[in-house]
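Notes to accompany the following structure.
The values are calculated or read from the model by the stated rules, or taken from the named source; none is laboratory data. Everything quoted here is computed from the prediction, not taken from an experiment. Here the Cβ is made from the backbone with ideal geometry for all residues, glycine too, and neighbour counts use every protein chain on show. Ligands, DNA and RNA are stripped out before the accessible areas are found, and what is left, the full protein with its side chains, is counted by its heavy atoms. Shrake-Rupley method; radii C 1.70, N 1.55, O 1.52, S 1.80 Å.
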Amino acid sequence: MWPSFSLNRPLVWLGLAALAAASLLPFLMLRLAALALVVIGLADGWRQIRLEHQRRRLSEQALELSQDGIMITNAANRLITINPAFTQITGYTLDEIEGLDPSALSSGRHDKAFYERYWQTLAATGRWEGEIWNQRKHGDQYPEWLRVRACHDSKGRVSHYVGLFTDISRHKAREQDLRRIGFEDPLTGLPNRRRLHDLLASRLRHLRAGEGLDLALIDIDGFKAINDGLGVDSGDRLLARFGQRLAAQVAGGIVGRLGGDEFMVIRTTTFDDHEKWVAGLRHHLSEPFEIDDNTLRLGLTIGSCRAPEDGKEAGVLFQRLESALYSAKRHGRNHDRRFRPSLEVEGDRQLAIINELRQALAQNEQLEVYYQTQHRLDDGELIGMEALLRWHHPQEGMIPPGDFIPLAERHGLMPALGAWVIDQAVAQLANWRDQGLTVVPVWVNISALQLIQGDLESRLISTLSQYRVAPSYLGLELTESVLLDERAGDISPRLEALRREGLQIAIDDFGTGYSSMAYLKRLPIDKLKLDREFIRALPHDHADAAITSAVLAMAQGLNLDVIAEGVETEAQRSFLMARGCRHVQGFLYARPQPAGAVAQRLKPASATYA
């Protein structure tokens, strides 16, 4: 850092020479000149000494400020000095340990071979670095990262050893926390997905002859409704107790939480009683839970499989468990389903479909937006239309939305598909406007993933601005399941912000969710779309007639418009008109059609569109 201290300088030598010659010079002036040179040499030497003292003080201050402990020993490895950080870390002062070997601080964790390797490395390379455990003055042990260097004199012999160490106990604790977080669910303390995968692989490796593994993936039905009704804290307590009860039921087995309300169970067994075992799990877990003075009985959807019959690798078994669970969910809530090969064939087909859908989206081919018009009930006037995604597969023809939309949602493709539909619909509005046609609002469906992604609002405003389309001509349809999806958080402020921009909001498939009435008071919405399930059997089904009448009366009281979907007969139209329904959509008026066919139904504009 600084040049080495030395008095071997030209001015010093010149001063010494002048001092030696001063007595020999014959003239006074020469003697005075020599004396001046002596004074200059002395001043330069004194300046070097002062600089050396200053450097030493600065070095000492730097050592005192260091957070790392520093110790210096002599050639016999006896401590001769330390810095304040050494005392702060170990608790020992210089008076207490001066003259001792640093091994006096040893924790006893390292054996003789460790220290032999330490000295061999230090002798061979002149330095050593590594982790070592020592003991503080008060007896507690701690890990430190130690760096030691041998210092040599001018003859190459070791004169001192300098050691610098850092207390890494906090780092070690953080490593342990990270390791725990990486393998443990923080809410329940159970193994997480990553740890479960490792444990399953270990059990598979150690299976003995005649043994098998029973595996079950358990999903709590309607857990979102529990969170909404009792609060997140109560929901967390329920999950923790659920995990505890499950672990007690399969003592000796493995219980873990994959995330959300999904739990996994693994047991090693020699019995061929898989179905009975799953039934026992359901029975035990269906016993009521007491949470905050509330008694809860849970519905469970369970997917299961068995090893080695259904797979011999952890990754394969995880996939087959999830296939079985998804199959059980498709058959409704509170079902069990064991994996079977046909589910894997079905899964392969679904994977092929989703890959082909990604390709179609990337190439901007095969996909098309159809439009189904919406009409005023009393005079049949066109008042809007719904944008519907269609897929023209080159080999399989038209693939129904019900076959690919759920897959797109499951595989995270809905944000991209939804953005594509919005862009196409707004561009089509601008195209109709430029053709001089009278345009009406177009409604697009919004998925939960689009809300979760977080950039829906900016994308909508950006697209409308790009095509210069007024926000009032774009409506958003959200299903009740989207509104209830906890991953999207509280969407009420976001919907209110969109309404302030001029967009319209509707609830699609109204009446098919779990808490329809609860959010009508607080959500900023303009319209309800009455699900076709209630329209199909009108006017003969008394239950559907009662529900439809009640919804229409409620909407009127809340000052909300209602549009009835799936109107196909004159009898349905007459019933709805008599109950005060104002708007309808269905095959009685129009089927979904491409944009070109719909354009023929739009009248020339009589005023400039803005």
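Observations
- Residue in the stretch 559-570 that is in contact with a strand residue (DSSP E or B) (Cβ under 7 Å, 6 or more places away or on another chain), part of a helix (DSSP H, G or I) and more than 19 Å from Ile383 (Cα to Cα) present: no
- Residue pairs whose Cβ atoms lie under 7 Å apart, sitting 6 or more positions apart in sequence or on different chains, and linking a residue in the stretch 274-294 that is under 30 Å from Asp310 (Cα atoms) to a partner that is loosely packed, with under 13 Cβ neighbours inside 10 Å, are Ser286/Arg297.
- The criterion of at least 3 residues that are out of contact with any His (no Cβ under 6 Å at 6 or more places or on another chain) and at pLDDT 90 or above is met by the following helices (runs of 4 or more DSSP H) wholly inside the stretch 398-495: 414-434, 456-467.
- Filter result (outside any helix (DSSP H, G or I), within 15 Å of Trp46 (Cα to Cα) and at pLDDT 70 or above) within the stretch 4-28: Arg9
- Subset of the stretch 238-249 [open to solvent by 30 Å² or more (accessible area, probe 1.4 Å) and within 24 Å of Ala314 (Cβ to Cβ)]: Ala247, Gln249
- Top-ranked residue of the stretch 217-226 - restricted to ones that are in contact with a Lys or Arg (Cβ under 9 Å, 6 or more places away or on another chain) and of a type outside the set (Asp, Glu), ranked as least open to solvent (accessible area, probe 1.4 Å): Ile218
- For the stretch 267-311, filtering for residues that are in contact with a helix residue (DSSP H, G or I) (Cβ under 7 Å, 6 or more places away or on another chain) and either exposed (fewer than 13 other Cβ atoms within 10 Å of the Cβ) or acidic (Asp, Glu) (or both) leaves 2.
- Of all residues making up the stretch 122-147, the number that are of a type outside the set (Gly, Ala, Ser), open to solvent by 60 Å² or more (accessible area, probe 1.4 Å) and either over 20 Å from Arg170 (Cβ atoms) or free of Cβ contacts under 8 Å to residues at least 12 places away in the same chain (or both): 3
- Across the stretch 84-141, the qualifying residues are those that are among the polar types (S, T, N, Q) and assigned to a strand (DSSP E or B), and the one among them that is nearest to Val158 (Cα to Cα) is Ser106.
- Total residues in the stretch 84-104, condition surrounded by 13 or more Cβ atoms within 10 Å (Cβ to Cβ), hydroxyl-bearing (Ser, Thr, Tyr) and within 21 Å of Pro143 (Cβ to Cβ): 3
- Total residues in the stretch 566-580, condition open to solvent by 10 Å² or more (accessible area, probe 1.4 Å) and in contact (Cβ under 8 Å) with a residue 40 or more places away in the chain: 2
- Note on the stretch 105-121: among residues that are surrounded by 12 or more Cβ atoms within 10 Å (Cβ to Cβ) and small (Gly, Ala, Ser), the one that is nearest to Leu164 (Cα to Cα) is Ser106.
- For the stretch 24-82, filtering for residues that are under 60 Å from the mean Cα position of the chain (by Cα) and of a type in the set (D, E, K, R) leaves 8.
- Matching strands (runs of 3 or more DSSP E) fully within the stretch 196-313 where at least 2 residues are at pLDDT 90 or above: 212-220, 254-259, 262-269, 300-307
- When Gly229, Gly252, Gly210, Gly256 are checked against the criterion of being of a type outside the set (Val, Ile, Thr) and either touching a Lys or Arg at 6+ places or on another chain (Cβ under 6 Å) or open to solvent by less than 30 Å² (accessible area, probe 1.4 Å) (or both), Gly256 stands alone in meeting it.
- Every condition in (1) at pLDDT below 85; (2) open to solvent by less than 40 Å² (accessible area, probe 1.4 Å); (3) more than 31 Å from the chain's Cα centre (by Cα) is met by Pro524 except one, and the failing one is (3).
- Subset of the stretch 51-83 (residues that are surrounded by fewer than 14 Cβ atoms within 10 Å (Cβ to Cβ), under 24 Å from Asp153 (Cβ atoms) and of a type in the set (Lys, Arg)): Arg56
- Cβ separations smaller than 7 Å between residues 6+ apart or across chains give the following pairs from the stretch 148-168 residues that are touching a residue at least 60 places away in the same chain (Cβ under 8 Å) to residues that are hydroxyl-bearing (Ser, Thr, Tyr): His160/Thr73; Tyr161/Thr73; Asp167/Tyr142.
- Residue within the stretch 63-77 that is polar (S, T, N, Q), in a helix (DSSP H, G or I) and touching a helix residue (DSSP H, G or I) at 6+ places or on another chain (Cβ under 8 Å) present: no
- Any pair with Cβ under 8 angstrom, 6 or more apart, that starts in the stretch 420-444 at a residue that is under 12 Å from Ser472 (Cα atoms) and ends at one that is among the aromatic types (Phe, Trp, Tyr) and assigned to a strand (DSSP E or B): Val442/Tyr371
- Given (1) at pLDDT 85 or above; (2) surrounded by 16 or more Cβ atoms within 10 Å (Cβ to Cβ); (3) hydrophobic (A, V, I, L, M, F, W, C), number of the condition Ala360 does not satisfy: (1)
- Residues in the stretch 410-430 that are touching a helix residue (DSSP H, G or I) at 6+ places or on another chain (Cβ under 7 Å) and either among the hydroxyl-bearing types (Ser, Thr, Tyr) or open to solvent by 10 Å² or more (accessible area, probe 1.4 Å) (or both): 11 in all.
- Only residues that are more than 18 Å from Gly280 (Cα to Cα) and part of a helix (DSSP H, G or I) were counted across the stretch 325-339, and they come to 4.
- Residues that are surrounded by 12 or more Cβ atoms within 10 Å (Cβ to Cβ) and under 25 Å from Ile49 (Cβ atoms) within the stretch 8-32 comprise Arg9, Leu11, Val12, Trp13, Leu14, Gly15, Leu16, Ala17, Ala18, Leu19, Ala21, Ala22, listed in sequence order.
- Gly222 being out of contact with any strand residue (DSSP E or B) (no Cβ under 8 Å at 6 or more places or on another chain) and either on the phi < 0 side of the Ramachandran plot or among the polar types (S, T, N, Q) (or both): no
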